[in-house]
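Engineer: One structure coming up, written as structure tokens, with questions to follow.
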Amino acid sequence: MMTFSTPATHGAEVAPRQWIGPAGAALLTLGLHAGLFSLLLTGWTPALETPVAAQVMRTQLISLPLPAVPEPLIEQPVEPVVEPLPVETQVDTGAQQQRLEQAELAFKRAEQEREAEQQKLQRERIERRRGAQRKEQVREQERLADQARLEEARRQAQATERAEAAERARQAAAAEAASRQYLPIAKKPPVYPQRALDSGLQGSCTVSYTVDAQGRARSPKVVGDCHPLFIRPSLTAAESFRYQPRIVDGRAVPVPDVRNTFHYRIE
């Protein structure tokens, strides 16, 4: 039997092992068991020739002192990191002023260009509106001119028509003056024969004659059926007729075969 013990110096004060923590104790225990196992392997070799009585290995539990609880570490206050202030760059005021002036000039130029563009657009709108008004005025003038031409043509047509009508009337009057039909001036009815009245006789008698250039009825004669009692009074009445003679080309001409019918009625 092999017994292992850890000797300690009597009278000596055991210093506290503050460095051994839970991990250190575990490592120490593992190391002791590994050493013991190596000793067993090197010191015990069984003989194959003669049997050896069984050996009993005894182990002794060694109690190790509990590891001391480490005192809590006091964290040192962390000093705040002070960032270095940015180094102010020296600004060239002259260049900055020049850039500002250039920017202001560019802005003014852009503003002037914008105003010029707006004025150009405004002028174009005004020109378009004026152009449209001029075109409308031209169309209105053309319409009025066409209307005036139509009115003038209508007046001329009416004047021409009136002139032609007057000319026709003049020519008709001249023709009437130069060529005129015969017109009756005096026509006395015949005398009813007494014998026809006594006998109650009625009838008609047509007489044909020529109106001469002096407007007198010449050569009267009976045409058709006529009662003998009505022949003589009919011829006598026809001879007494007076006419306005017919004029042809300004000269009176006779008109032959003028007929007149006398009706004898008792009322």
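What follows is calculated from the coordinates using simple rules that are stated; it is not laboratory data. All values reported here derive from a predicted model rather than from experimental measurement. Positions of Cβ are generated from backbone atoms using ideal geometry, with glycine treated the same way; all protein chains shown enter the neighbour counts.
Engineer: Calculated FRET efficiency, Arg259 and Arg195, Cβ-Cβ r, R0 35 Å, to nearest 0.05?
Structural biologist: It comes out at approximately 0.85.
Engineer: Summing +1 for each Lys or Arg and -1 for each Asp or Glu, what net charge is found among the other residues whose Cβ lies under 15 Å from the Cβ of Leu229?
Structural biologist: On the way: positive: Arg195, Arg232, Arg265; negative: Asp198, Asp225.
With Lys, Arg at +1 and Asp, Glu at -1, the neighbours total +1.
Engineer: Along the Cα→Cβ direction, 7 angstrom out, place labels at Ile266 and Ala132. What is the inter-label distance in nm?
Structural biologist: According to this spin-label approximation, the distance is 10.2 nm.
Engineer: Same structure, new question: Provide the gained length on full extension for the span Gln96 to Arg123, in nm with one decimal, where the gain is 0.36 nm per separating residue minus the Cα-Cα distance.
Structural biologist: Computed gain between Gln96 and Arg123 is 5.7 nm.
Engineer: Among Val211, Val253, Val138, rank each residue by its count of other Cβ atoms within 10 Å, from fewest to most, as a rough exposure measure.
Structural biologist: Val138, Val253, Val211
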